[in-house]
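Reviewing the structure listed below.
The values are calculated or read from the model by the stated rules, or taken from the named source; none is laboratory data. Since we're looking at a predicted model, the values are computed, not measured. Just so you know, the surface numbers come from the protein's heavy atoms only, side chains and all, with ligands and any DNA or RNA stripped out. Shrake-Rupley method; radii C 1.70, N 1.55, O 1.52, S 1.80 Å.
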Amino acid sequence: FSIRWIFGTGESGQSTFDAIWYGARISISLAVLCTAINFTLGILIGALWGFAKRVDIVMNEVRNVIAIVPGTLITSVLVLVFSPNFATLLFAMCVTGWIGIAYSLRTQVIIIRDREYNLASKCLGTSTFRIATKNILPFMISFIVTLMANSLPGYIGTEAFLSYIGLGISDTTLGKIIYNAQSAMIVPGWEWEFWCPVLLSAFISIILFLVGQGLGDAADPRTHTL
């Protein structure tokens, strides 16, 4: 008995257990990098979007144009145009991925920016950048963490979906393993070859979501009692 063969083998006799965990590492790395890039851009642009009226006018038009086209379609086209590798998929998922985050942050900034202490800071000559970074963003940590908890599983699901329809990267990812194991569904006794990566992908997404929700509740000052 060896844990390496607990999930069986592929068509060439390779260990499915090793392939799944190797693919999970790539899928999680892609999701973490996408989250880091999109949220960095989204937080900075969203804070400025909520404060500057000129930026608000321009960014609303940009969002209206981008929102018409589904994000999955944009990602698929970019992957087809460029070579399907890790860097290309990362770029494709970050081209428009930040716009929804920035818009959500913009809405929260508008709610908080007109509170009395922010108006007092503005009257005292405090710069917009300092008000945004010191008076507003710290109060939005819980919201940002919760949003990240929803985004991480989403990026894993997007990668798995693109690989499942044949538009994924050439590396071994969870989506690629699921795509290659489709034929195993109709072979008696080999169904587990397909369900192992599917269940692991769902398990990772649920765990990341629950951890993110817990961190979001812990970062919310309203849940703290003296």
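Where a Cα-Cα gap under 17 Å defines reach, which aspartates and glutamates qualify for residue 134, not counting those fewer than 8 residues away within the same chain? Result set, ordered by chain and number: 114, 116, 220.
Among the listed values (1) 72, 49, 23; (2) 60, 35, 33; (3) 58, 41, 37, the one computed from these coordinates for Cα extents along the principal axes in Å is (1). Largest accessible area first, the residues 191, 159, 61 order themselves as 61, 191, 159 under a 1.4 Å probe with ligands, DNA and RNA left out.
Can you pull a Stokes-Einstein diffusion coefficient for segment 152-217 at 20 °C (1.002 mPa s), Rh from Kirkwood over Cα pairs, as a whole number of µm²/s?
170
Do the sum for the chain: with -39,500 (n - 2.57) for every DSSP H run of n ≥ 4, divided by all residues, what is the mean residue ellipticity at 222 nm, to the nearest 500 deg cm²/dmol? Could the numbers behind the result be given before it?
Details: 9 runs with 158 residues, N = 226.
For the chain, the value works out to -23500 deg cm²/dmol.
Averaged per residue, segment 1-136 has 58 square angstrom of accessible surface, using a 1.4 angstrom probe with ligands and nucleic acids left out.
Using a 1.4 Å probe and counting only protein heavy atoms, arrange 205, 170, 29 so the residue with the most accessible area comes first.
Working: 205 25, 170 85, 29 50 Å².
Correct descending sequence by accessible area is 170, 29, 205.
What the Cα convex hull of segment 49-133 gives, in volume per residue, is 107 Å³.
With every protein chain in place, what's the accessible area of residue 171 (1.4 Å probe, Å², nearest 10)? Its heavy atoms expose roughly 60 Å² to the probe. Rg and Dmax of segment 94-226, based on Cα coordinates, read 21.5, 74 Å. Between residue 9 and 16, the built amide H atoms are under 5 Å apart, and every one of these is 5 or more places off in sequence or on another chain.
To put it simply, the accessible area of segment 123-205 at a 1.4 Å probe is 67 percent carbon and sulfur. For residue 168, the residues 5 or more places off, or on other chains, whose built amide H falls under 5 Å of its own are 163.
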